[in-house]
Amino acid sequence: MKQPLSPKLSKLIESFFRQRLVAQRNASPATVATYRDALRLLVVFAAERSSKAPSKLTVEDLDRDVVLAFLDHLENDRGNSVRSRNARLGAIRSLFQHVAYSDPASLGIAQRVLAIPTKRTTRRVVGYLTCDELEVLLAAPDCCTPQGQRDYALLLFLGRTGARVSEATAVDTRDLRLQRPWQVLLRGKGAKERVVPLAEDTSAVLRTLCQLRTEIRPDSPVFVNARGHRLTRFGVTHILRRAIQQAATSRPTLGERAISPHTLRHTAAMHLLQSGVDLTTIQSWLGHVSVDTTNHYLEADVEMKRQALAKCDIPEAVPMRYQPSDELLELLERL
């Protein structure tokens, strides 16, 4: 009996996005964009490797060896970190789960790809800004100009609310409550919504920012670019880099550090923790699924550890020189 032809890879990828991600999982636009970028890189790599047009690729052109070579290419040629490599692998695994369900003839290839392990990575210490460093950064934008007012409002919002970049850029005017109780509605990962309180000064800054706009509707974005369009992730990163460059003139150490928009999220969390807010409240504030993620801030707070050490009654230790108690041990010590 003649074997049925396997569907083209292009058809499988299309059904993966349209059916699995959008229709079945109701994935957020950010998730779709992340998976799209990862699979685009993989398809281009496989096409160059097999000397085929991307639309002519088959599942066999993306076997385990090709995927492994692609992951090495990400690290060695593109300079991606292990975390980025693992994130790309996650997107590839999700695709091949769909391939296994949709094309039983490709089950063997899918299983071999799904068996590729993630690479072990070192968990980095959480980086954040002190209160003084945050104030220096917030003083960088020129608030006498509309651009400077926008930049100041954005940086203040990120540093006070702990919002992710995607959450901040997605805020519309209808999501803000600028009368008591001041608050903002954020839409986080997994289509989860949460309400975060705003300080009175943050609310006043946001109110001023919205009043600068000539035409504004309930669905208008709060943070916009020079053309009036919603800010992108790259736009936020550019604004932060410009502020860091300006702030580094008075605080050179800021220019020497790797500061990203996510650093401001860490900053808000650390300031809450150092103010005595409990971890469960911080977990809810940041929208963490598990309190284990929030525990990372507790581990990163060196000052709290110093205070704990100061409270310990540790007797003064008198150093003792090691003396071998056996001829064999003495011999080993001399080697």
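When both residues are 6+ apart or on different chains and their Cβ atoms are under 8 Å apart, which pairs have a first residue that lies in region 128-147 and is farther than 12 Å from Ile244 by Cβ, and a second that is of a type outside the set (Val, Ile, Thr) and in a loop (DSSP other than H, G, I, E, B)?
Pro146/Leu212; Gln147/Pro141; Gln147/Ala226
Checking Asp151 against (1) under 30 Å from Glu256 (Cα atoms); (2) under 26 Å from the mean Cα position of the chain (by Cα); (3) outside any helix (DSSP H, G or I): exactly one of these is not met. Which one?
Only one criterion in (1) under 30 Å from Glu256 (Cα atoms); (2) under 26 Å from the mean Cα position of the chain (by Cα); (3) outside any helix (DSSP H, G or I) is unmet by Asp151, namely (3).
With (1) of a type in the set (Lys, Arg); (2) under 18 Å from Tyr152 (Cβ atoms); (3) modelled with pLDDT of 90 or more as the list, and Arg194 as the residue in question, which single condition is left unmet?
Among (1) of a type in the set (Lys, Arg); (2) under 18 Å from Tyr152 (Cβ atoms); (3) modelled with pLDDT of 90 or more, the lone unmet condition for Arg194 is (2).
Which condition from (1) surrounded by fewer than 18 Cβ atoms within 10 Å (Cβ to Cβ); (2) closer than 30 Å to Ala170 by Cβ; (3) free of Cβ contacts under 8 Å to residues at least 60 places away in the same chain is the one that Glu75 breaks?
With respect to (1) surrounded by fewer than 18 Cβ atoms within 10 Å (Cβ to Cβ); (2) closer than 30 Å to Ala170 by Cβ; (3) free of Cβ contacts under 8 Å to residues at least 60 places away in the same chain, Glu75 is out only on (2).
Can you name the residue in region 26-51 that is outside any helix (DSSP H, G or I) and surrounded by 14 or more Cβ atoms within 10 Å (Cβ to Cβ) and is also modelled with the highest pLDDT among such residues? Explain how you work it out, then say what you get.
Kept after step one, since they are outside any helix (DSSP H, G or I), are these residues of region 26-51: 26-28, 51.
So of that shortlist, the ones also surrounded by 14 or more Cβ atoms within 10 Å (Cβ to Cβ) come out as 27-28.
Values: Ala27: 83, Ser28: 79.
Ranking the qualifying residues of region 26-51, first place goes to Ala27.
Name the residues in region 184-223 that are surrounded by 13 or more Cβ atoms within 10 Å (Cβ to Cβ), hydroxyl-bearing (Ser, Thr, Tyr) and not in a helix (DSSP H, G or I), would you?
Hit for region 184-223 is Ser220, nothing else.
Is there any pair linking a residue in region 233-250 that is touching a residue at least 40 places away in the same chain (Cβ under 8 Å) and within 13 Å of Ala139 (Cβ to Cβ) to one that is part of a helix (DSSP H, G or I) and of a type in the set (Gly, Ala, Ser), with Cβ under 9 Å and at least six apart or on different chains, and which?
Filtered contacts from region 233-250: Ile244/Gly255; Ala247/Gly255.
Which members of region 115-135 meet the condition of being outside any loop (DSSP other than H, G, I, E, B) and within 24 Å of the chain's Cα centre (by Cα)?
Within region 115-135, the subset outside any loop (DSSP other than H, G, I, E, B) is 131-135.
Listed by number, the residues that qualify are Cys131, Glu133, Leu134, Glu135.
The values are calculated or read from the model by the stated rules, or taken from the named source; none is laboratory data. This structure is a prediction, so every number in the text was calculated from the model and none was measured. Cβ sites come from the backbone with ideal geometry, for glycine too, and all protein chains shown count toward neighbours.
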